[in-house]
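Asks: Structure provided below as structure tokens; questions to follow.
Rule-based calculations on the coordinates, nothing more; no lab input. Keep in mind the model is a prediction, meaning the values are calculated, not measured. Here the Cβ is made from the backbone with ideal geometry for all residues, glycine too, and neighbour counts use every protein chain on show.
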4 protein chains.
Amino acid sequence: MRRPGLGISTDVGHANAQRIELRRYDLVDELIGHTSYTETLLLAVTGRRPSGAQVRAVDAVLVSLVDHGMQPSALAARLTYSAAPDALQGALAAGVLGAGSSLLGSMEQAGKMLADIGARVRAGTGPRVAADYAVARILDDGRRVPGFGHGLHRTGDPRAIRLLQVATELGVAAEETGWLAAVGAAIEERAGRRLVVNATGASAAILLGVGVPWHLHRGVAIVSRTAGLLAHINEELDQPIAPQVRSALREASWLDEERGPAGGHDA
Amino acid sequence: MRRPGLGISTDVGHANAQRIELRRYDLVDELIGHTSYTETLLLAVTGRRPSGAQVRAVDAVLVSLVDHGMQPSALAARLTYSAAPDALQGALAAGVLGAGSSLLGSMEQAGKMLADIGARVRAGTGPRVAADYAVARILDDGRRVPGFGHGLHRTGDPRAIRLLQVATELGVAAEETGWLAAVGAAIEERAGRRLVVNATGASAAILLGVGVPWHLHRGVAIVSRTAGLLAHINEELDQPIAPQVRSALREASWLDEERGPAGGHDA
Amino acid sequence: MRRPGLGISTDVGHANAQRIELRRYDLVDELIGHTSYTETLLLAVTGRRPSGAQVRAVDAVLVSLVDHGMQPSALAARLTYSAAPDALQGALAAGVLGAGSSLLGSMEQAGKMLADIGARVRAGTGPRVAADYAVARILDDGRRVPGFGHGLHRTGDPRAIRLLQVATELGVAAEETGWLAAVGAAIEERAGRRLVVNATGASAAILLGVGVPWHLHRGVAIVSRTAGLLAHINEELDQPIAPQVRSALREASWLDEERGPAGGHDA
Amino acid sequence: MRRPGLGISTDVGHANAQRIELRRYDLVDELIGHTSYTETLLLAVTGRRPSGAQVRAVDAVLVSLVDHGMQPSALAARLTYSAAPDALQGALAAGVLGAGSSLLGSMEQAGKMLADIGARVRAGTGPRVAADYAVARILDDGRRVPGFGHGLHRTGDPRAIRLLQVATELGVAAEETGWLAAVGAAIEERAGRRLVVNATGASAAILLGVGVPWHLHRGVAIVSRTAGLLAHINEELDQPIAPQVRSALREASWLDEERGPAGGHDA
């Protein structure tokens, strides 16, 4: 491959006047009309074409993350769209920037924990020993174990239960969901109480199982969430909430009483 | 629905401690494991569950837009990731902000043109007359007809040909692709030369045909492109290009010769 | 200047191991400790070192734009900071993206109108005739004249009055504020009622008068507003509003009653 | 203050139909025309009106950070502006998102280190002992001491020297610059070599000395940098670099040879 100019190259996609390739597959002949978006996303990110079962498992993860109601990031996207409707990309970007939240960010933490366990397992440690070690290190640091526990669903996060069921049925991420169970057992032994797997933990196990590295888990969640943000942006056009929000905000900085000046210059 | 506090509500998604709904479908029982991401995206955005054929047609559109090689927006995402790897959301947002480009923005213009034709057709005008009117207005304004013409592929954009073929096979967007053909005929009659439909035009026709309003077309393209941006961000970790780019940029602002001061204060 | 690699160059800033230049001024010897931020901003953007009076006039504009209370963009910044406190740049960016608002965007429109009048005046047309032409064209298009009128302050926007007073005292933007007055007279004659100059119009006249092209006026407003966003981000740390906002949003998508499934698959 | 609706309030700014306040100062009567932008920024962020010397010291910091030539963040802003010139806010936001870089982020680290030393000093520890403790902890963690060392300027970063000189002349941040010197002595004793203070360290000391908390230092740097980004955006309009960059990027993903398909579906 010639590399004039910047001396850089990419393995993601290539094109010339005759042909467009994504990861060396012909976009027109091999992908458009043959592969779903989810399959193509996995191909683009991992460089490998996933199995049908892997695609369906990742579809389950993406579907579980599309929307969580009127979240702060949805509000940020709607307010930004209302202020600058000609620049829809800005509204989506504003929503995306809210994705360091406990939910989306903690998937990354759960993925990292499972990847660490996986590295030990592949070096010969048993899964349960590796899980004990990981949990001990996290709890000793005073942190919460990512992927476990839920404020509302104390007897089981229904999304997590469903995601693990789907993965099992499809035979996807068997090892990784096993490590997740080992982490649960390690928590129970050490902390003396049972914490349920949450949707974040189940999603991280599936993504890791299909070859998405943990440092991209937050990114996959964001890809999914852009659909929900777009739904909110569309709704803002038809049933705007920006006027009520603006009105409530005006109250927040309303100047009530007459006051004198705050004081003279002190220098 | 009670509306305390802000007095706002949404029809996109709802939740309580027992149940999570997207567009009134139960997320756990009816969507996760049952619907693909693309189907769920359409459900979220349009509020209606699409047919299987509609899903496959939109998959084709999304797949065609995932990546276009090392575009400026991919570079912006990679450089931002390199500068702030802990905030992957910022890198994706920087890439998303580049999506006002001729490609992604012109899909919106093509969608608007087709929607205008559709409004006239539904009011009783024949498709060809409506297309003639739309083309005349655009050309009289000195603008280019969106969705037509291509710098490289003068005898036919292979992605557009494939997308229209997929739509025809699936029986999706028959009306809208017909209007696109009518626009092509109108251009040929008026300008005296044949312009090929491009991928943008074909995508807009399909999206409009499945019920995505034109003002969201750019947004759908961005949803798709986030997968390509994520692939580039991943590659930046393994095969970074930021160092070479930084080095080339340093040359661009390198101070070569010894010079005296630019001059004294002029006021 | 040698241009290897990308073959690009810049006139904004240069550096080598010994010396850093901004617009060919030595950063260390001629700028740091000698020039204010506002003076340096004008130097960077226009390439010319401004007079002291110009700096003070632009300071007045920037000060008038720092904060407008709890605006939607301040809320977006605060919510984003709350979700991702490690990435303060993301919170500022989310706030910046709300700057297509009527206020900040309309400064650009006012600047463009004054620049158009200026071009005619320099071509020999009298200011009042040029203003009449500009106003007629805007009103004929059914648009509002930018820089004029105010929802609350019908007898005069106090910021605009003050900004014009400052400009007059400093002898800055005399021509441009004159064109603004001509526009006011043209509106009164044509529309039969007196509209007050607003802060946007006064700011645009001053910026144009000191050499900032109209297409950057929105950008100058954003530079100023980042200080207000930073103040809100700081306050969010000490007196967070995100919890109340999240709580109000949860109400907005709360699932109240038990309902059956939304319906079966329609395809 | 009444708190209907959201039940939130702010101390940054207030307004009603007659009066606009920033930190309880009357915007029109006390600020516009009286205070510089830098003074107003400090008032907005800290809630206190700074002394004239403090304003001049912060001006020096802001001026030193306006531009560093054709940095990756300047390139991201220019490419984004080129792709979406109607949404200048998006171009500025894309540039802002690159501000997690070693330079801007390390100011935050330097500020935190000095704040930690300050807390110990106020609790009765001597400055040098506090500095020894801070340096030991950083070096034991295998990290670099923030605010010290420079790739090019091994005998002294000229910006740092100038900033410290300005602070000394103005009598600003005497304590904080003293702690910085103590850190330098601690490094020399422990590591056996002298490291120079860099611009980041000097800036952090000054900002901390005028009352800007360390977690906002990155934000202050971004406020300053927006001026440089705006200068680059302006230059992009007149002397665009986007075409050359796009051309170099096209090379990076150019498809050279004819190849067969990458392979069949593997699952």
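Asks: Using the Karplus curve 6.51 cos²θ - 1.76 cosθ + 1.60 with θ = phi - 60°, what ³J(HN,Hα) values do you get for each residue of region D:162-167, in whole Hz, with x for Gly and Pro?
Replies: 5, 4, 5, 4, 4, 4
Asks: For region C:1-92, what class follows from the C-alpha gyration tensor (a ≥ b ≥ c being the square roots of its eigenvalues): rounded when a/c is under 1.5, otherwise prolate if a/b is larger than b/c, else oblate?
Replies: Here region C:1-92 falls in the oblate category.
Asks: With each run of n ≥ 4 DSSP H residues scored as -39500 (n - 2.57), what mean residue ellipticity at 222 nm is computed for the protein assembly as shown after dividing by its residue count and rounding to the nearest 500 deg cm²/dmol?
Replies: -18500 deg cm²/dmol
Asks: Along Cα→Cβ at 7 Å, what distances in nm separate the B:A174 label point from those on the other copies, shortest first?
Replies: 4.7, 7.4, 8.7
Asks: Here is a follow-up. Looking only at C:D140, C:D29, C:D256, which one moves most when chain C is put into a Gaussian network model with springs between Cα atoms under 10 Å?
Replies: Answer for the Gaussian network model of chain C: C:D256.
Asks: Please work out whether region B:24-180 counts as rounded, prolate or oblate from its C-alpha gyration tensor, where a ≥ b ≥ c are the square roots of the eigenvalues and a/c under 1.5 means rounded, while otherwise a/b larger than b/c means prolate and anything else oblate?
Replies: It comes out oblate by the Cα gyration axes.
Asks: Then there's this: Given 25 °C and 0.890 mPa s, how large is the Stokes-Einstein diffusion coefficient of chain A in µm²/s, with Rh as the Kirkwood radius over Cα pairs?
Replies: Rounded to a whole number, D works out at 114 µm²/s.
Asks: Taking a point 7 Å out from Cα toward Cβ as the label site, list the nm distances between D:A123 and the same residue in every other copy, smallest first.
Replies: Label-point separations across copies, in nm and ascending: 3.6, 7.2, 7.5.
Asks: In what order do C:L92, B:L164, B:L180 fall by count of nearby beta-carbon atoms within 10 Å, going from fewest to most? Provide the component values of the computation, followed by the final result.
Replies: Values: C:L92 29, B:L164 21, B:L180 26.
Ascending number of Cβ neighbours within 10 Å: B:L164, B:L180, C:L92.
Asks: Let me ask another. I'd like the trypsin sites (Lys or Arg not before Pro) in region A:169-229 restricted to DSSP loop residues with at most 14 other Cβ atoms within 10 Å, sorted by number.
Replies: A:R193, A:R194
Asks: I want to verify a result. In a Gaussian network model of chain A, Cα cutoff 10 Å, which of these has the top mean-square fluctuation: A:S73, A:S253, A:S64?
Replies: A:S253
Asks: Inter-copy label distances at B:Q239, 7 Å along the Cα→beta-carbon direction, one decimal in nm, shortest first?
Replies: Computed spacing set for this position: 3.4, 4.8, 5.4 nm.
Asks: For chain B, what's the relative contact order in percent, using C-alpha pairs closer than 8 Å and at least 6 residues apart? All intermediate terms of the calculation are to be shown ahead of the outcome.
Replies: On the way: 317 pairs, mean separation 61.5, N = 267.
Across chain B, relative contact order equals 23 percent.
Asks: Considering Cα pairs under 8 angstrom that are at least six residues apart, work out the relative contact order of region B:62-192 and quote it in whole percent.
Replies: Relative contact order here is 22 percent.
Asks: Only four residue types carry charge here, +1 at the Cβ of Lys and Arg and -1 at the Cβ of Asp and Glu. Report the dipole size of region D:20-81 about the Cα centre in Debye, rounded to the nearest 20.
Replies: 220
Asks: Where is the GNM fluctuation largest for chain C (alpha-carbon springs, 10 angstrom cutoff): C:I32, C:I117, C:I233?
Replies: Between C:I32, C:I117, C:I233, it is C:I32 that shows the largest mean-square fluctuation.
Asks: If amide H atoms are built 1.01 Å from N in the plane of the peptide, which residues on other chains or at least 5 residues away come under 5 Å of the amide H of C:F148?
Replies: For C:F148, the qualifying residues are C:N198.
Asks: About its Cα centre, what dipole magnitude does chain D give when the only charges are +1 on Lys and Arg Cβ and -1 on Asp and Glu Cβ, stated in debye to the nearest 20?
Replies: Dipole about the Cα centre, nearest 20: 900 debye.
Asks: Can you compute the charge dipole magnitude of region D:127-257 about its Cα centre, using +1 on each Lys and Arg Cβ and -1 on each Asp and Glu Cβ, nothing else charged? Give it in debye, rounded to the nearest 20. Write out the running numbers ahead of the final one.
Replies: Numbers: 14 positive and 15 negative charges, 77 e Å.
Here the size comes out at about 360 debye.
Asks: Where does the longest stretch of chain C lie that holds no GluC sites (Glu not before Pro) found in a DSSP loop with 10 or fewer other Cβ atoms within 10 Å?
Replies: That gives C:1-256 as the longest site-free run.
Asks: Separate question: Once you average over the residues of C:43-54, how many Cβ atoms of partner chains fall within 10 Å of each Cβ?
Replies: 4
Asks: Right, here's the next one. When 1/r is averaged over all different Cα pairs and the result inverted, which Kirkwood radius in Å belongs to the protein assembly as shown?
Replies: Numbers: mean 1/r = 0.0329 Å⁻¹.
Across the protein assembly as shown, the inverse of the average 1/r is 30.4 Å.
Asks: Now a separate question. Whose amide H sits under 5 Å from the amide H of D:D26, counting only residues 5 or more places off or on another chain, with H placed in the peptide plane?
Replies: For D:D26, the qualifying residues are A:A262.
Asks: A further question on this structure: How far, in whole Å, is the nearest Cβ of chain B from the axis relating it by rotation to chain C, and which residue carries it?
Replies: Residue and rounded Å distance to the axis: B:A87, 2.
Asks: Follow-up question, since we're still on this one. Which whole number gives the average count of other chain Cβ atoms within 10 Å of the Cβ atoms across peptide C:210-222?
Replies: 4
Asks: Just for the Cα atoms in region C:60-101, what are the lengths along the principal axes, largest first, rounded to whole Å?
Replies: 33, 17, 16
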